[in-house]
Amino acid sequence: MSRPRDLSQLFPKTSYVVPPRMNLYIKRNMRVNNIFKRYVADEDLLMYPIDEPILKVTRSLNIFTTEGTRSQRRKKFVQMIQERIKEELGLIATVGVAEIIPFGQTRLRQ
């Protein structure tokens, strides 16, 4: 995020200053999380910052994907979720895949 006064100097013709709409953001986030819950159990959906949940997919991976290497199956699983979010909400979701939860995230949980 940047301050509006800084952005308008850097990008004077392409800058739009809009008011924050946190209530809408929270509602959309809840809808995204409801989609996640179709793919993982509640205990496997870890909420850290509002827009950075972690999905533990070890158990779900075997339910939703069967063909290919573990890496290929994870990629397919992620694509399924991204497509569902795009279809239902019109949002583009970015995803990071890791073998373990980042240390900083686990510290937040304690």
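Laboratory data are not the source of any read-out in this text; all were calculated from the coordinates shown. In this text the structure is predicted, and so the values were computed from the model without any measurement. Every residue, glycine among them, receives a Cβ derived from its backbone with ideal geometry; neighbour counts consider all protein chains shown.
Here are some notes:
- Efficiency of FRET from Cβ geometry, L24 and D44, R₀ 30 Å, rounded to 0.05: 0.65
- Summarising the label geometry, the points placed 7 Å from Cα in the beta-carbon direction at T14 and K86 lie 2.3 nm from one another.
- Taking each residue as 0.36 nm, the span from I101 to T66 lengthens on full extension beyond its C-alpha to C-alpha distance by 10.2 nm.
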